[in-house]
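Peer 1: Quick one: this structure, given as structure tokens, is what I'll be asking you about.
The values are calculated or read from the model by the stated rules, or taken from the named source; none is laboratory data. Computed from a predicted model, the values in this text were never measured in an experiment. With ideal geometry, Cβ positions are generated from the backbone for all residues, glycine too; neighbour counts draw on all protein chains shown. Remember, those area values only see protein heavy atoms, side chains included, never the ligands or the DNA or RNA. Shrake-Rupley method; radii C 1.70, N 1.55, O 1.52, S 1.80 Å.
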Amino acid sequence: MTRNSGKNGVPVMAYPTTSTSSPISSSLIFKHNKHNAQATLSLQSSIFLQGFDDAQAFMLQYDADNFVPGTISLSPAAIDLPPTRLVQIARSGSPQIRTLFLGLKARCPIWCPPCKSIAPKQGYDAPFHQLAALAEAIKLCIVFEPD
């Protein structure tokens, strides 16, 4: 039986370790299958693309067999988030924000909508490039508030 963290996941901010300036808002989804000894972390973000009226969902897939042993850690928040960004991930009145550090053997697979070309809608360049940088990262941070 496969279990997951919920349909919508946990609200997080994610960024490559090489660029802490603009974490991208995402949902963290955890899926595992105990019987098959499989686990996957996914980051889902929505961005506006040319040719679409609504934001389109992109999913970055981090399979457990792609993690570099000894590179995963959880610690207090590694960056300061402004209150406007903190409210997006905080779950309680006194947030205890944490950073999950991940090291990967290779870039992650990306799931995206079917289209002939992928380009940001005019005025939405920054989130598009932030997502692209995160997709290329082999060292990343995920900032969230655990339950």
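Peer 1: Search segment 122-143 for residues that are farther than 11 Å from Phe48 by Cα and pair each with any residue that is hydroxyl-bearing (Ser, Thr, Tyr) and open to solvent by 70 Å² or more (accessible area, probe 1.4 Å) when their beta-carbon atoms are under 9 Å apart and the residues are at least 6 apart or on different chains.
Peer 2: Taking only residues 6 or more apart or on different chains, the pairs are Ala133/Thr18; Ala137/Thr18; Lys139/Thr18; Cys141/Thr20.
Peer 1: Here's something else I'd like to know. Quick one: how many residues across segment 94-106 are in contact with a helix residue (DSSP H, G or I) (Cβ under 6 Å, 6 or more places away or on another chain) and within 20 Å of Ser27 (Cα to Cα)?
Peer 2: 1
Peer 1: Counting just the residues of segment 14-31 that are open to solvent by less than 60 Å² (accessible area, probe 1.4 Å) and at pLDDT below 85, which one comes out nearest to Glu145 (Cα to Cα)?
Peer 2: Going through the qualifying residues, I end up with Ser22.
Peer 1: Out of the residues in segment 136-147 that are part of a loop (DSSP other than H, G, I, E, B) and surrounded by 15 or more Cβ atoms within 10 Å (Cβ to Cβ), state the one that is modelled with the lowest pLDDT.
Peer 2: This residue is Glu145.
Peer 1: Quick check on segment 88-106. Is at least one of its residues at pLDDT below 95 and part of a helix (DSSP H, G or I)?
Peer 2: Yes, segment 88-106 contains at least one residue that is at pLDDT below 95 and part of a helix (DSSP H, G or I).
Peer 1: If Ile47 satisfies every condition in (1) touching a strand residue (DSSP E or B) at 6+ places or on another chain (Cβ under 6 Å); (2) crowded, with 16+ Cβ neighbours inside 10 Å but one, which is the exception?
Peer 2: (1)
Peer 1: I would also like to ask the following. Would you mention how many residues in segment 82-112 are touching an Asp or Glu at 6+ places or on another chain (Cβ under 9 Å), surrounded by 15 or more Cβ atoms within 10 Å (Cβ to Cβ) and among the small types (Gly, Ala, Ser)?
Peer 2: The total comes to 1.
Peer 1: Out of all the residues in segment 50-57, is one or more out of contact with any Lys or Arg (no Cβ under 6 Å at 6 or more places or on another chain), crowded, with 16+ Cβ neighbours inside 10 Å and under 20 Å from Thr18 (Cα atoms)?
Peer 2: no
Peer 1: When the residues of segment 57-87 are narrowed to those that are among the acidic types (Asp, Glu) and closer than 26 Å to Phe128 by Cα, which ends up modelled with the lowest pLDDT?
Peer 2: My answer is Asp80.
Peer 1: Additional query: In segment 113-135, how many residues are open to solvent by 60 Å² or more (accessible area, probe 1.4 Å), at negative phi and either at pLDDT 95 or above or assigned to a loop (DSSP other than H, G, I, E, B) (or both)?
Peer 2: The total comes to 6.
Peer 1: Here are the criteria: (1) open to solvent by 50 Å² or more (accessible area, probe 1.4 Å); (2) within 19 Å of Trp111 (Cβ to Cβ). Tell me which single one Leu41 does not satisfy.
Peer 2: Failing condition for Leu41: (1).
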